[in-house]
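To start, the structure under review is shown below, and the notes come after it.
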Amino acid sequence: MTLQPLTAARHRLDHAYLLLTLTTLMWGGNAVASKLAVGHITPMVLTSARWIVVCLILLPLYGRALRDNWRMIASHRHRVILMGAFGFTGFNALFYLAGHHTSAVNIAIMQGSMPILVLIGALIFFGVRATWLQIVGVIVTLGGVAMTATHGDIATITQLAFNIGDVWMLIACVFYTGYTLALRGRPDVPGLVFFLALAIVACLTSLPLLAWEISAGDAYWPTWQGYLVLIFVALFPSLLSQITFMRGVELIGPSRAGVFVNLVPVFGALLAVLIVGEPFGWHHAVAMAMVLGGIFIAERLGRKIG
C-alpha cells in the first residue's frame, strides 16, 4: 500500500505530455505574474530576487557537481555569460518592464513568436534552409504579432505609435531566441548543473540593473502580494519548469517537446482573463489564431513538405 503513491509519482515523472503541459502552464503564468507584480514589486527587484532564490535552492544541491564540472563550463565561459545575461537577465527584466505598460494577454501572445524567431535565427546563423510553407508560417505568425502590438489598429503601423511595453516584449523575445539558439553548443554537463551556472550569471548581471533602479528612486520593498509573486516566479517559471521541461525533452526528444511551446500564449491569455480579469478582444483572437496557425504551418506542414 505504501508503494502506491511512489509508483504513481514515478509514473507522472515518465509522462512527457503531462510534464510539458505543466511546463507551458507555468511559463504562461509568468505573463500573469508580470501584471500582478505592478505596484507590489518593482521589475528589477523581481528580476534579481528570483535568481537569488533559485541560486539559494540549487547551490546546496548541485554546488559540488558545479565544481566538478567547472573546467568544462569555464571553457565555454563566453557563451555561458551571454546566455545568462541576455537569455535570463535581459529577457526577464524586459518581460517585467513590459508588464507595467501592456496587457498580460499581449505578453502571452507575443511569446508565441519565439518558435518562429528561432526558425529565422537558425536560417541566419546556421544556414538551416526553410521550405516555402515555413516561410508562409513565418509571415502569418509575424502578422499575428503585429496584430497584437497594434491592438488591431493598422493605422498604428503608419503612425509608428506602438505601446512601449509591446516593443520591450518583442526585444525580450529576441533575447530569448538568441539564448535558445546558443543551446546548440552548450557545454556537455548535466542539465541542472548548466542551469545553475546560468542562474549564477543571471543573478550577478541583474545586480547592476537593481542598483540602477535603486539609484533612480524607483525601487521599494515588496508588499505581501509582491512576495507571493516572487515566490511563484522563482519556484515555478524559474526552477520547476526547467526540471519538467528537461525531463520532457529527455522522454520524447527536443523536436516533439518544442511543439508544446505553442501552448504558452494559449495558457497565458486564458490565465490573464481568468485571474487578472483582462478583456479578450477580437484582435487577440485573430492574433492568437495567426500565431498558432503560423507555427503549425511552419513546424508541422513545413517539415513534412521539406
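For region 196-222, which positions are more than 22 Å from LEU82 (Cβ to Cβ) and surrounded by 13 or more Cβ atoms within 10 Å (Cβ to Cβ)?
GLU213, ILE214, ALA219, TYR220, PRO222 - these are the residues of region 196-222 that are more than 22 Å from LEU82 (Cβ to Cβ) and surrounded by 13 or more Cβ atoms within 10 Å (Cβ to Cβ).
Can you tell me which of (1) at pLDDT 85 or above; (2) assigned to a helix (DSSP H, G or I); (3) open to solvent by 20 Å² or more (accessible area, probe 1.4 Å) is the one SER238 doesn't meet?
For SER238, the failing item is (3).
In region 250-264, how many residues are in a helix (DSSP H, G or I), over 16 Å from the mean Cα position of the chain (by Cα) and either at pLDDT 65 or above or surrounded by 20 or more Cβ atoms within 10 Å (Cβ to Cβ) (or both)?
So the count comes out to 3.
Answer yes or no: is there a residue in region 31-43 that is modelled with pLDDT of 95 or more, β-branched (Val, Ile, Thr) and in contact with a Phe, Trp or Tyr (Cβ under 8 Å, 6 or more places away or on another chain).
For region 31-43, residues modelled with pLDDT of 95 or more, β-branched (Val, Ile, Thr) and in contact with a Phe, Trp or Tyr (Cβ under 8 Å, 6 or more places away or on another chain): present.
Take region 51-100 and flag every residue that is surrounded by fewer than 18 Cβ atoms within 10 Å (Cβ to Cβ) and over 23 Å from the mean Cα position of the chain (by Cα).
Correct list: PRO60, LEU61, GLY63, ARG64, ALA65, ARG67, ASP68, TRP70, ARG71, MET72, ALA74, SER75.
Could you grab me the full set of residues in region 171-188 that are open to solvent by less than 10 Å² (accessible area, probe 1.4 Å) and farther than 22 Å from ILE107 by Cβ?
PRO187
Considering (1) under 24 Å from THR223 (Cβ atoms); (2) crowded, with 24+ Cβ neighbours inside 10 Å, say which one THR23 fails and leave the rest.
So the condition that THR23 fails would be (1).
Pairs please, first residue from region 32-55 and farther than 13 Å from TRP221 by Cα and touching a residue at least 40 places away in the same chain (Cβ under 8 Å), second anywhere and assigned to a loop (DSSP other than H, G, I, E, B) and open to solvent by less than 10 Å² (accessible area, probe 1.4 Å), Cβ atoms under 6 Å, 6+ apart in sequence or on different chains.
Correct list of pairs: SER34/GLY99; LYS35/GLY99.
The values are calculated or read from the model by the stated rules, or taken from the named source; none is laboratory data. Just so it is clear, the model here is predicted, and its values are computed rather than measured. Glycine also receives a Cβ, built like all others from the backbone with ideal geometry; neighbour counts cover every protein chain displayed. Surface accessibility is based on the protein's heavy atoms, side chains included, excluding ligands, DNA and RNA. Shrake-Rupley method; radii C 1.70, N 1.55, O 1.52, S 1.80 Å.
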